[in-house]
Every structure is written in structure tokens, then in C-alpha cells.
1. Measure nothing fancy, just the Cα-based angle from helix 2-36's long axis to the longest principal axis of the chain, in degrees from 0 to 90, nearest 10.
2. Between Ala8 and Leu208, 0.36 nm times their residue separation minus their Cα-Cα distance comes to what?
3. Taking loop as defined by DSSP and a crowding limit of 13 other beta carbons within 10 Å, which trypsin sites (Lys or Arg not before Pro) in region 119-177 fit?
4. Relative to the first principal axis of the alpha-carbon coordinates of the chain, what is the inclination of helix 237-247, with its axis defined by its Cα atoms, in degrees from 0 to 90 and to the nearest 10?
5. For the pair Ser27 and Arg94, what calculated FRET efficiency results from E = 1/(1 + (r/R0)^6), where r is the Cβ-Cβ distance and R0 = 25 Å, to the nearest 0.05?
6. Using modelled backbone amide H atoms (1.01 Å from N, in-plane), which distant-in-sequence or interchain residues come within less than 5 Å of Ile40's amide H?
7. In nm, to one decimal, how far is the Leu20 label point from the Glu82 one, both placed 7 Å along Cα→Cβ?
8. Angle between the Cα long axis of helix 99-137 and the longest principal axis of the chain, 0 to 90 degrees, nearest 10?
Amino acid sequence: MNVFKTGAKLSGSIIVAAVLALFLCVSINVICTGLFTEYIGYNAYVYTEDGDEPIDEYQYLYTDTDGDGKDNGTDTKKVDYEEQGYTVTTYKVRSTLGGVGKVVFLSVTQVLNLILIIAFASGSVYKQGFKDANLVRTGHIKPDRLKGFKIGAVANIPFFALFVLIAVLTAVIPNFRTVWYAFLNSHFYSVILWISGSDDVISKLGILQFVLLFAIQLIVPVISGVAYILGLKEINFSDKIVYKKGEI
């Protein structure tokens with residue numbers, strides 16, 4: 001019963017970590033977009049003097065500004081519309097994040113998210129292991145080295161359920177995008193995108209990819225399992241660091 005109670009409490013922490021990871025993904029994406037992309041043109045919307053809806057819309061690219069295959073620096077469409085008394089409203093367009101920029105974004109995001117999920121998935125379980133160490137020593141309970149893993153598995157039930165749901169959706173909604181699943185598992189956002197590769201919808205994923213997507217759901221139980229064993233063995237890294245500094 002203690003496993004389920006502790007796991008249920010930990011589940012809330014994992015969900016909070018996933019939400020924080022989502023904000024982290026968005027923030028780092030904004031930073032990397034600013035650093036690794038540039039303005040490549042704009043989307044133009046043409047309005048009459050009293051009109052609320054555009055009568056025309058088009059994209060103007062700096063590499064081929066008037067669509068004639070020549071980079072002559074002139075958006076002739078905009079000039080023509082304005083000469084006829086129309087209003088042309090423009091919104092800048094940036095290039096997509098790719099290459100080195102995308103690698104940096106995914107790598108930094110996953111490293112930070114991994115630190116986040118380790119912190120949320122290990123803290124309370126480590127304390128539980130420390131508490132159980134005394135109970136084992138006094139003979140009140142028997143040692144269970146898998147207890148932390150079990151707690152982590154219970155805590156991760158919402159994300160196991162989400163994986164099953166996504167697997168079912170491959171038949172019901174074949175166009176369900178992999179990036180949406182990554183957002184729902186933001187603490188493993190980058191890993192999910194690496195696994196899916198160029199397959200932008202869930203229905204395109206192969207058996208091996210689904211196996212790997214399931215495997216990453218075992219990371220939280222593993223983190224909790226290791227944390228519990230460290231607590232059970234009464235290993236305190238902070239004390240070791242302080243002790244070593246004092247020795248020096």
C-alpha cells in the first residue's frame with residue numbers, strides 16, 4: 001500500500017515537471033530561433049480602404065522578391081497594389097530552425113529537462129529509502145531493492161497510459177503528429193523527436209520506434225529505483241562533498 005500511496009504523490013510531481021519542461025522547451029526554442037535563424041521575407045495581406053478582409057495575400061521572399069526568379073530587391077506586387085490605392089500589411093517571416101541550431105536546441109533542452117526530471121523523480125523516493133533503512137535495521141520491514149522502481153512505475157502511470165493511447169490513435173487518427181506527443185511528454189521532448197526522426201505523424205513510426213518510445217517511459221522508474229537504493233544504503237553525496245572540502 002505504501003508503494004501506491006508514495007507513487008501517487010510522486011505522480012503529481014512528475015506531471016509538474018512535465019509542465020515546467022514544456023515552458024523550458026518553448027523558452028529555449030525562442031532563444032535558439034533568435035540566434036540561429038534570420039528574416040527571409042514577409043507575408044503580405046492586401047486590403048481595400050474600407051475592407052476588413054484581405055482581397056489577396058502572398059509571400060515575399062528576399063531571395064526572389066517579385067517571384068520572377070531574380071533577386072532585384074523589388075516587391076513589384078506591393079508596388080502595384082499601393083499605386084492602385086490598396087493597403088498592403090506585412091508580417092515578417094523567419095527561416096525555420098534547422099542544422100546546427102536544431103541540434104543545439106534539442107541537446108540543451110534535453111539536458112536541462114533530464115536534470116529537471118531527475119530532481120523531481122528522485123527527491124522524495126531518496127528520503128523514503130533513507131527512512132526505510134532505519135526500519136530494515138530495526139527489523140520492522142524486509143529490504144526491497146525494487147521498491148523505488150515500483151514507486152516510479154506507479155508515478156509514471158499517466159504517461160504509460162498516454163503511450164497506450166497514442167498507439168491506439170495510430171489506427172483512429174493516423175495524422176496525429178509526433179511533435180504533439182513530444183509536447184505531452186515535454187520532459188523527453190528531444191528524445192521523442194530523435195526517435196521519430198523524419199516521421200512527422202505517429203502512423204509512420206515502425207515497431208522499433210514504438211519500442212524505443214516505450215523504453216523512455218521506463219526512465220522515471222529507473223531514476224526512482226536508483227534514488228531509493230542510494231537512500232536505503234544511506235549514501236549522502238552532499239555530506240561526502242562537504243567532508244572532502246573540509247579535508248582539503
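1. 30 degrees
2. Taking 0.36 nm per residue and subtracting the Cα distance, the gain is 69.0 nm.
3. Passing sites in region 119-177 are Arg145.
4. Helix 237-247 sits roughly 80 degrees off the main axis of the chain.
5. Once rounded, the FRET efficiency stands at 0.90.
6. Distant-sequence amide H within range of Ile40: Val93, Arg94, Ser95.
7. Going from the Leu20 label point to the Glu82 one covers 5.0 nm.
8. Tilt of helix 99-137: around 20 degrees.
Laboratory data are not the source of any read-out in this text; all were calculated from the coordinates shown. Note that the coordinates shown come from a computational prediction; the quantities given were computed from them, not determined experimentally. No Cβ is skipped: glycine too gets one built from the backbone with ideal geometry, and neighbour counts run over all protein chains shown.
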